[in-house]
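In what follows, a structure is listed as structure tokens, so that the remarks can point back to it.
The values are calculated or read from the model by the stated rules, or taken from the named source; none is laboratory data. If you're wondering where the values come from, they're calculated on a predicted model, not measured in any experiment. In this analysis, Cβ positions are derived from the backbone assuming ideal geometry, glycine residues included, and neighbour counts consider all displayed protein chains.
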Amino acid sequence: MKRRDFVKSGIISVVSAMPVAMPILAQRSKEAPTHQRPIDLGYLPVEGETRMENGLWDECPRERQFTKGGKAVIADIQGPGVITMIHFALGAVALSINRDTILRIYWDGEKTPSVECPLPDFFCDPNGAIERVDSALVNKLRGWNAHFQMPFAKSARIELIYDNPRYANATFSPGHWGGVPAYSCVTYRKLDSLPADVEYFHAQWRKQTLLLGKDDYEVVQASGLGQLVGWNVTLRSLSGEIPPCDQNEVIHVDGSSKPTVEWQGMEDSFGFSWNFPPDANNFPYAGYNPFLGGYAAYRFFLNDRIPFRKSLRMTVVGKGQTGVASTAPGSELEFTSVAYWYQREPHQPFSPILAASDRVPFEPAASPEKLAGDSRHVEAGEAFVLKCGGTSEIEFLELGWPAAHGYITHPPYRITHPQMTPEVQFAKPGWDFRLDEGQPLNDSIARIEGWPSGCWRSIGGLLQVRLLCPKRTSGTLKLFLLDGDKAGRKESVTVAGRLIGEYANLQTGKWVEVPISATDTAESAILITIRRTAGPDAALSEIAFMEAK
């Protein structure tokens, strides 16, 4: 076979850098037009030009950066071609990214995506909780990388969506907000042609909480001709206990009544036995990480991929030791998964992805420390406390000082312990916020720039936030204004349509207190507007609300 026959035969090379694991088997049969073409694990296409599209960073064209509202088209490529690698850099400093950021990929102008996953989960990094992933096809350490080969005949469009309603109208500056990647690059090979029936890459994320044994967990259901090449899964128990892992993983191909493939044990399907091991294990084709009191595992079917001509359905079912125990009330299990497969288009449209609030892992019972902290807020009369930009546990060291888990960033600093706490420190039921105009600046980047803490800054001189609250609540709104980098800021504050005042000399900060009446909250919201009157921008550092006694 000549090298240029890569595009003529339709063979897809899934692992571009892996050693040859099997010979090229055969081209598609003329006698059996529905014959499943194999994946060639060792074939490397060299025809065409290798190209790259960069995105997100401030050196990139504006159309490749996040727009207001949190959408970025990081690549829009004309075919034919094949994507060979996708890379995302961490957000600000060394922060991770959670399920608020969605990855979508569209092939050949299709209206529904062929790939739709929370960004970290696509890379076997559920909710951004895993520090390091090492596998043949995806990996993570201070960045996410995918090496699936993804052919396309006409076009490939890759989008990121920051799907957090709190920031639906915010503006993101590259690298200044840990919730989104700071940089992306998509490497692809431009080809002369692809066969009309080429199989396209697909990936779908799902999440469900259920009583296994009473209901099955569905990993994927696909229609058409294709092949399953892998999946990843998380499993947690709502009871807070270590979840059982004696479930069976079942695959039905082409509507078969009996399982085509069935693993008798969750851990066995990933290459382990007698439960998952106590420590993380990352191998090329399979691996496991502890995950929030449960399990996170991945498995790629490269030498044992699972072809289908008409349909494929993969489920996790309760059998054996867990079949009875898991059906008892209080035994609910939380599953999430990503399935990876190739198939001819068109594909069966995916179910709508869950809302951001439903994608987060469930929170177990609050710790004594959390309960004590909440009690202190209640005793102080606080209904809502927000630190703009969050807070971090980082410490700044000069280069050369010891730092076991340090991350080099802006010279001359080394930053350690980059864990972040949420912006909302405390909220009673019914309280939340929406940043309608402005740019969030997380704590770690703000401190690098000379601020003592994170903040929100204006765009074009306007900073606006809606504080969501119970209807007709009353009390005192407190705003902390700070000129953190001593740039000579002066700003005016308007609350609920009333001009409160203009404030300057904010180098050490100033609390502004505003009485709020039941009339002000008749629409269950308090509108706060801060305008720059002098200096580079307007800024806000903290918000608190004290309930009327």
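Flag: residue 516 does not match the condition of being surrounded by 17 or more Cβ atoms within 10 Å (Cβ to Cβ), closer than 19 Å to residue 425 by Cα and in the same structural domain as residue 435 (by TED's automatic domain parsing). Select the strands (runs of 3 or more DSSP E) contained entirely in region 165-240, then report the ones holding at least 3 residues which are among the charged types (D, E, K, R). Because the criterion is at least 3 residues that are among the charged types (D, E, K, R), the strands (runs of 3 or more DSSP E) in region 165-240 that meet it are 199-210.
Tallying residues that are exposed (fewer than 15 other Cβ atoms within 10 Å of the Cβ), out of contact with any Lys or Arg (no Cβ under 7 Å at 6 or more places or on another chain) and not small (Gly, Ala, Ser) within region 243-259 yields 1. When residue 501 is tested against (1) in a loop (DSSP other than H, G, I, E, B); (2) modelled with pLDDT of 95 or more; (3) small (Gly, Ala, Ser), just one condition goes unmet, and that condition is (1). State whether one or more residues within region 475-490 are within 22 Å of residue 168 (Cβ to Cβ), at pLDDT below 95, surrounded by fewer than 20 Cβ atoms within 10 Å (Cβ to Cβ) and more than 26 Å from the chain's Cα centre (by Cα). The answer is no; no qualifying residue exists. Among the candidates 179, 143, 224, the residue that is at positive phi and either buried (at least 19 other Cβ atoms within 10 Å of the Cβ) or not assigned by TED's automatic domain parsing to the domain that holds residue 82 (or both) is uniquely 224.
Taking first residues from region 59-77 that are within 13 Å of residue 160 (Cβ to Cβ) and partners that are in a loop (DSSP other than H, G, I, E, B) and at pLDDT below 85, the Cβ contacts under 6 Å between residues at least 6 apart in sequence or on separate chains come to 66/172. Among residues of region 292-318 that are within 18 Å of residue 361 (Cα to Cα) and modelled with pLDDT under 95, those with a Cβ under 7 angstrom from a residue that is β-branched (Val, Ile, Thr) and surrounded by 21 or more Cβ atoms within 10 Å (Cβ to Cβ), sequence gap 6+ or separate chain, pair up as 294/234; 295/234.
When you check residue 537 against the structure, is it touching a residue at least 60 places away in the same chain (Cβ under 8 Å), outside any strand (DSSP E or B) and not basic (Lys, Arg), yes or no? Yes. Do we have any residue at all in region 381-394 that's over 27 Å from the mean Cα position of the chain (by Cα), farther than 30 Å from residue 196 by Cα and either surrounded by fewer than 17 Cβ atoms within 10 Å (Cβ to Cβ) or at pLDDT below 80 (or both)? Within region 381-394 (the criterion being over 27 Å from the mean Cα position of the chain (by Cα), farther than 30 Å from residue 196 by Cα and either surrounded by fewer than 17 Cβ atoms within 10 Å (Cβ to Cβ) or at pLDDT below 80 (or both)), the answer is yes, since at least one residue qualifies.
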